[in-house]
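Structure, as structure tokens:
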Amino acid sequence: MMNKFVIVVVTTLIMLTLVLAIIGGYWHSTASEINDDLKELPNHFYIEFATESILEGVFTFLRYF
């Protein structure tokens with residue numbers, strides 16, 4: 001009984017973490033875009049976007065997990 005509960009909890013944790021990491025990576029990719037028409041800074045100029053969006057998604061997964 002307890003082993004099944006632990007498996008369900010860990011599976012749920014991994015699924016939620018994966019979904020949130022994908023959403024975070026997508027946000028990172030859209031927030032770090034520079035407006036080419038106006039040649040302006042990104043929308044969130046006060047956040048340093050030093051890493052790629054995919055790598056940021058992996059980091060987010062590891063942080064949440």
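Read the figures in this text as sums done on the coordinates, not as results from a lab. Please read these numbers as outputs of a predicted model, since none were measured by experiment.
Overview of values
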{"item": "Per-residue HN-Hα couplings for region 2-15 [Karplus 6.51, -1.76, 1.60; θ = phi - 60°; Hz; x = Gly/Pro]", "result": "5, 5, 5, 5, 5, 4, 5, 5, 5, 5, 5, 4, 5, 5"}
{"item": "Residue-by-residue Karplus 3J(HN,Hα) for region 50-64, coefficients 6.51, -1.76, 1.60, Hz, glycine and proline x", "result": "7, 9, 6, 5, 5, 5, 5, x, 5, 4, 4, 4, 5, 5, 5"}
